[in-house]
Amino acid sequence: MAAISPLQKARASYQPKLPAVLEENGPFVSLREGEATRSVADQEEIARVFPDTYGLPVVTFGPGTQRDTEPLRVGVILSGGQAPGGHNVIAGLFDGLKAFHSDSELLGFLGGPRGLMKDRSRLLTEEVVDAYRNTGGFDMIQSGRDKIETAEDFAAVEATCVRHGIDALVVIGGDDSNTNACLLAQYLIRRGSKVQVIGCPKTIDGDLKNDQIEVSFGFDTATKVYAELIGNIERDANSAQKYWHFIKLMGRSASHIALECALQTHPNWCVISEEVAARGLTLRAIATELANRIRERADRGMNFGVALIPEGLIEFIPEVNALIQELNDLLSEKSALGAYFGSLAGDDDRLQFVNSKLSSASSQAFSSLPMAIQLQLLGDRDAHGNVQVSKIETEKLLIDLVSDILREWKATGQYQGKFSAQAHFFGYEGRCAAPSNFDADYCYSLGYTAAALIGSGRTGYLSNVRNLCAPAREWEAGGVPLAMMMNIERRHGQSKPVIRKALVDLDGKPFQRFAAGREVWGSGTEYLYPGPIQYFGPGEVCDRPSLTLLLERG
Ligand code: FBP
């Protein structure tokens, strides 16, 4: 067996907490049904795509009675980007299934949806699951970003289920993966299959949330890890007093991660993409705002600072967003032009081709970007047709633009400071961190809830655990129909049903708290140093959920 660290050893015996209804009844719960639901938008079209799962009620668990059940055979996949706590979802699912019947079996399909389509799996025994309890990562069965999309893909998944006698599939994933889960549930019903499909809300980005889902798992741990690192850098900045640190933070689209980290660390500058879109700011305007902050600090002898930049920023700048939409349609491998683009080998040919096809506004926006960024925008899309923003070096782009502005100001006597910048990107550092107590408990509860939903015969639901600012015993568990979260969006140049992402709400309490603090944080050194995640000790240090969750729901 591989060596494990002392902390891992200590954490292995941590027993995650469950909501009282599951603690006391195991998975034998009763279901309270709410009203029939509607999708968040595009109701007619969504109802047409999901005729059998549209309109299902939200369900909440109440006490049930233990009964004799047949053993269940369930398949599980981890899908999309890693998020702390994925192994605990599997552990909760495993324990829930075993509580139904000790002969129940859990099959882990390897490498995400591809494992289901290609039928590659491993049996998750007690020994396997025990080795991963309370650990970070998805390495128990790995993950992947493939999409179950074509008729052949759906048929392949169905065949895999038949081959293994599977009763239910659990998809642990973000908005795209759970969109897939919803399509799969619908497909299987229409095929007359009895296989149920249940999703679990995962993503460090925190954008899979709505009136029902309070937070996706992994956000809590990842933001705590990044906040620790940012705090360390703030101390370094204030100690050396010679660098501006530009820190890009993961979060493919929404700025929840950057906002939470700003609340936890009080940086000198943080841009929130959703505000950029609302104010219609250009790239130049953003860089000028930041340059102004740098100049204002320099005027008071502070040639240092910390700036936070959300990974998705570039897509929220109106002129760049229009450009990216055009590029997505143009470069879709499903179009003839996209296929032609794919056949071009050299960078010059690619840039020339793209420039010749863009509208004049987008061509202008494209030409205003440094060549390195232009090429990054032309890079491979993910399986869902999205630009891979983690590969776009926005932090370096901003350093370039700000340097130019400060140089101009210096030449005209408007700036006398010194500007030296360091670029950082925090993303992968946090995605596989050992889960915080919050995520360890939440994930285990989500997995256990998924088992209870399966035992109750549900399909097309997302496992849901609520009331998360209260102690775990007071959490509520149940399920939310996946079709309820859908709307229609453009993907790969086509209109598709997808789960709507939750962006930062500019009227919400977390943003309002940030907006109230940012001026003071910007001009001084009000830095907060959160330090590392604590597992043992007083509850207010070890069990505190993210500030976003506390402000939104506390
Ligand atoms: P999910 O939405 O799948 O959870 O992934 C989120 C994320 O961590 C983003 O923050 C980031 O842009 C992306 O994954 C990077 O993943 P990859 O390395 O696969 O491109």
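Bear in mind that the values in this text are calculations on the coordinates, not laboratory data. Remember, predicted model here, so these are calculated numbers, not experimental data. Cβ atoms come from the backbone with ideal geometry, glycine included; neighbour counts cover every protein chain shown.
Here are the numbers for this structure:
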quantity: Hz values of 3J(HN,Hα) by residue in region 26-40 - Karplus curve (6.51, -1.76, 1.60), Gly and Pro given as x; calculated: x, x, 7, 10, 9, 10, 9, 9, x, 5, 4, 9, 10, 6, 5
quantity: Tail fraction, Cα-Cα pairs, the chain, threshold 43 Å, whole percent; calculated: 21 percent
quantity: For residue 31, distant residues with modelled amide H under 5 Å away; calculated: 62
quantity: Helix axis angle, 219-240 relative to the chain longest principal axis, alpha carbon, degrees; calculated: 30 degrees
quantity: Lys, Arg +1 and Asp, Glu -1 on Cβ, resulting dipole of the chain about Cα centre, debye, nearest 20; calculated: 480 debye
quantity: Extended-chain gain in nm, criterion 0.36 nm per residue less alpha-carbon gap, residue 130 and residue 340; calculated: 70.6 nm
quantity: Diffusion constant of region 367-422 at 10 °C, which comes from Stokes-Einstein with the Kirkwood Cα-pair radius and 1.306 mPa s, µm²/s; calculated: 120 µm²/s
quantity: Where the Cα pairs of region 217-335 fall when distances are cut into 5 Å bins, in %; calculated: 2, 11, 18, 19, 17, 14, 10, 5, 2, 1, 0, 0
quantity: For region 152-255, with +1 on Lys and Arg beta carbons and -1 on Asp and Glu, the positive-most of 195, 174, 245 along the dipole; calculated: 195
quantity: Long-range amide H partners of residue 506 with built H, under 5 Å; calculated: none
quantity: Quotient of C-alpha Rg and 2.2 N^0.38 Å, computed over region 18-74; calculated: 1.54
quantity: Helix-only mean residue ellipticity at 222 nm for the chain, each DSSP H run of n ≥ 4 adding -39500 (n - 2.57), per residue, nearest 500; calculated: -13500 deg cm²/dmol
quantity: Distance from region 34-91 to region 167-242 (C-alpha centre basis), Å; calculated: 15 Å
quantity: Net +/- balance of residues flanking residue 78 in space, Cβ distance below 13 Å, scoring K and R +1, D and E -1; calculated: +3
quantity: Radius, Kirkwood style, for region 311-396 when every pair of distinct Cα atoms is counted (Å); calculated: 13.0 Å
quantity: Selection from 414, 63, 271, by position along the positive dipole direction of the chain (Cβ); calculated: 414
quantity: Relative contact order [Cα under 8 Å, 6+ residues apart], the chain, whole percent; calculated: 24 percent
quantity: Cα gyration tensor of region 37-193 - equivalent ellipsoid semi-axes, whole Å, descending; calculated: 25, 20, 17
quantity: Dipole magnitude of region 218-310, debye to nearest 20 (Cβ charges: Lys/Arg +1, Asp/Glu -1, about Cα centre); calculated: 300 debye
quantity: Mean separation of Cα contacts under 8 Å, 6 or more apart, over the residue count of region 105-262: relative contact order %; calculated: 15 percent
quantity: Ellipsoid semi-axes in whole angstrom, largest first, where each is sqrt(5λ) of the Cα gyration tensor of region 426-476; calculated: 24, 15, 9
quantity: Distant-in-sequence amide H partners of residue 58 (H built 1.01 Å from N, under 5 Å); calculated: 34, 35
quantity: All Cα pairs of region 231-271, percent lying beyond 12 Å; calculated: 60 percent
quantity: Gap separating the Cα centres of region 334-378 and region 478-554, nearest whole Å; calculated: 34 Å
quantity: Volume of the Cα convex hull of region 375-481, divided per residue and given in Å³; calculated: 211 Å³
quantity: Acute angle (nearest 10 degrees) that the helix 256-265 long axis makes with the longest principal axis of the chain, alpha-carbon atoms; calculated: 70 degrees
